Amino acid sequence: MIVSCEKCGKKYQIDPEQIRGEVTTFQCESCKSVIRVSKQKDNPSKESPSKPPPPEAKKKAPPVSGSRKRGVGLRPKMFFLFFFIPICLFIAASFYYLNHMKTLSGLITKESTQVVTKMAEQAIAEKGRFVAKEMELYLVSHPELKKNPPFPKEDYLNYPEFKTIAIQKVGQTGYTALVAKKTESEPISKLWAHPAEQLIGVDVDAAVKKVLGEKFQRWYDITVKAFKGKGQEAAGYYMWADKREKYMVMVPVEGTDFFIVSSTYLDEFTLPMMDLEARANTMQAQTTRSMTIVLAATAILIALVVVVYSYRLSGRLKSLADAADRISVGNLDVEIAAVKSRDEIGHLTSALSRMQTSIRLAIKRLRERR
């Protein structure tokens, strides 16, 4: 029994023995419309085959109890294989690259900052040692200045070389100074060389405490360590009144009770690295935006290519399958759409057209023999 769809004209070979009850239905594979089939002689096809269909045709008939369960189509498969998977891999690779770049940038700036910090500490310390050595040589040639105090405050300007040697530039804004430690004859530590002349001869602990307030302790701990025993080199960090951290090195002047204090803001050395880190973060943000734009553009382009190509490919295959179905039920006049492409679809179209022609010739020869 041949049943045709009233809407699209697609034909199906139905075995009457498979019909359960008086009337059964199934869904057309092409237009999804419902086809009713009954055991009556006047079935919807109104066609009778010239001879019983081959067993192969019966095996290919869809079950009449309902619509055939369809699997995943070609378009979803192509979309998954050629869009979803590549985009996921591209996104994963992009995130890995950006994260690796961020880690590498942070590591470089961090390591560089640490290296610059160590170099700055060494530079400040070396400056203090150099000035202490110069002061030691100067005091050898001026033994009268080795006493503590070396001279009255009012005679301070009588020794210009002393001031020039003791006060030297450290970094951009830092400087060295000369401090005398506490002794049995002098119970306070005094400044004897400083850019601010009004501080000459004053109690350095009291002067610094007045400026730093609660932050004085860190500075005081460095001086205590330096003045301990016969005197030793001491270094450390302390917070100045402007909330910027300073690094100070106290170097003893050999053979005297004097210390050269070498101090400056540490960020004067690390600011270039901080600027480099900010530039690296800016470049990373720009790279992230660029990667996002490229990723979005790539996803849109791939999606368009996959959708257009899959639509054309599945449409051609569906057209060929429909033509093959019609030929299988005896409709040899079905028109097979011409395909100009030279790929597998074109070969399949040519093969189906040759098969149609061969069946026509075979039927013609059978009729002529009769």
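Annotations
- Qualifying positions in segment 165-193 - modelled with pLDDT under 90 and not in a strand (DSSP E or B): 171, 172, 181, 182, 183, 184, 185, 186, 187, 188, 189
- Candidates in segment 165-196 are the residues that are loosely packed, with under 13 Cβ neighbours inside 10 Å and of a type outside the set (S, T, N, Q); of these, the one that is nearest to residue 126 (Cα to Cα) is 169.
- Contact map, segment 317-345: first residue among the basic types (Lys, Arg), second residue assigned to a loop (DSSP other than H, G, I, E, B) and surrounded by 13 or more Cβ atoms within 10 Å (Cβ to Cβ), Cβ cut-off under 9 Å, separation 6 or more or different chains; pairs are 318/30; 326/9; 326/10; 326/334.
- Note on segment 170-224: residues that are within 22 Å of residue 158 (Cα to Cα) and without any contact (Cβ under 8 Å) to a residue 12 or more places away in the chain total 3.
- Checking residue 270 against (1) closer than 30 Å to residue 182 by Cα; (2) among the polar types (S, T, N, Q); (3) surrounded by 15 or more Cβ atoms within 10 Å (Cβ to Cβ), the condition it does not meet: (1)
- Sub-6 Å Cβ pairs linking a first residue in segment 1-16 that is more than 8 Å from residue 35 (Cβ to Cβ) to a second residue that is surrounded by 14 or more Cβ atoms within 10 Å (Cβ to Cβ) and among the hydroxyl-bearing types (Ser, Thr, Tyr), at least 6 apart or interchain, are 2/45; 4/45; 8/30; 10/30; 11/4, ordered by first then second residue.
Okay, residues lined up against (1) assigned to a strand (DSSP E or B); (2) closer than 30 Å to residue 105 by Cβ; (3) of a type outside the set (A, V, I, L, M); (4) in the same structural domain as residue 187 (by TED's automatic domain parsing):
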{"residue": "214", "(1), (2), (3), (4)": "no, no, yes, yes"}
{"residue": "221", "(1), (2), (3), (4)": "no, no, yes, yes"}
{"residue": "250", "(1), (2), (3), (4)": "yes, no, no, yes"}
{"residue": "254", "(1), (2), (3), (4)": "no, no, yes, yes"}
{"residue": "274", "(1), (2), (3), (4)": "no, yes, no, no"}
{"residue": "279", "(1), (2), (3), (4)": "no, yes, yes, no"}
{"residue": "291", "(1), (2), (3), (4)": "no, yes, no, no"}
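- Residues that are free of Cβ contacts under 8 Å to residues at least 40 places away in the same chain and within 8 Å of the chain's Cα centre (by Cα) within segment 87-96 comprise 95, 96, listed in sequence order.
- Residue 222 more than 20 Å from residue 116 (Cβ to Cβ), surrounded by 15 or more Cβ atoms within 10 Å (Cβ to Cβ) and at pLDDT 90 or above: yes
- Within segment 340-365, the set of residues being small (Gly, Ala, Ser) and exposed (fewer than 13 other Cβ atoms within 10 Å of the Cβ) comprises 341, 351, 358, 362.
- Condition met for residue 337 (exposed (fewer than 14 other Cβ atoms within 10 Å of the Cβ) and touching a Ser or Thr at 6+ places or on another chain (Cβ under 8 Å)): yes
- For segment 202-233, the set of residues classified as within 18 Å of residue 183 (Cβ to Cβ) and touching a strand residue (DSSP E or B) at 6+ places or on another chain (Cβ under 7 Å) consists of 202, 203, 204, 223, 225, 226, 231, 232, listed by residue number.
The values are calculated or read from the model by the stated rules, or taken from the named source; none is laboratory data. None of these values were measured; they are calculated from a predicted model. In this analysis, Cβ positions are derived from the backbone assuming ideal geometry, glycine residues included, and neighbour counts consider all displayed protein chains.
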